[in-house]
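The values are calculated or read from the model by the stated rules, or taken from the named source; none is laboratory data. The model shown is predicted, which means the values in this text are computed figures rather than measured ones. Cβ: placed from backbone, ideal geometry, glycine included. Neighbour counts: every protein chain shown. The area values use the complete protein model at the heavy-atom level, side chains included, leaving out ligands, DNA and RNA. Shrake-Rupley method; radii C 1.70, N 1.55, O 1.52, S 1.80 Å.
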Amino acid sequence: CVELGLLGCSSARDVEVSGKVTAPSSVMVGNRVVVDFIDLVGEGSREEQHVAHTTQLNALGDFKETVLLEGDRVLIRAFDDRNGDRLCSDGEVWGETEAAVRGNKIEPTSVILTTGICPNPEGE
């Protein structure tokens, strides 16, 4: 912790996060699928959420990332970034799933994109 100086001490560790982004055949998806990995720290009204890592896929399919996480859960949110702003915007299909961190990885998971109003990117 002393070496971190002003950055402070953290219990964050590298976690292998893997899974697949899919969509029903009735949903059209382009070539910019953004995947946000949101660190969930704490519980209930004291839960804090922040985007720990973001990646982009060129199509629906598999992802595997190493993400620096502090919490014991991660929220994986994916969306078809049609307007290219790297934010989930109204009219873009999206989906999310929560996974528990076990050691330094999560069990492979699936995120299914559907229509609906996008949540705030920071989960607030």
So what is the accessible area of the chain per residue, in Å², with the probe set to 1.4 Å?
59 Å²
How many angstrom lie between the C-alpha centres of segment 13-34 and segment 88-119?
8 Å
Any chance you could look up the accessible area of Thr66 with a 1.4 Å probe, heavy atoms only, rounded to 10 Å²?
90 Å²
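Once neighbouring chains are kept in place and the probe is 1.4 Å, which whole percent of the accessible area of segment 66-124 is contributed by carbon and sulfur? Working shown, then result.
Details: 1500 of 3180 Å².
The C+S portion of the solvent-accessible surface of segment 66-124 is 47 percent.
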Report which label in (1) 29, 15, 12; (2) 27, 15, 13; (3) 23, 19, 12 holds the value of semi-axes √(5λ) of the Cα gyration tensor in Å derived from the coordinates of this structure.
(2)
Distance (nanometres) between label positions extended 7 Å along Cα→Cβ at Arg82 and Thr115:
1.0 nm
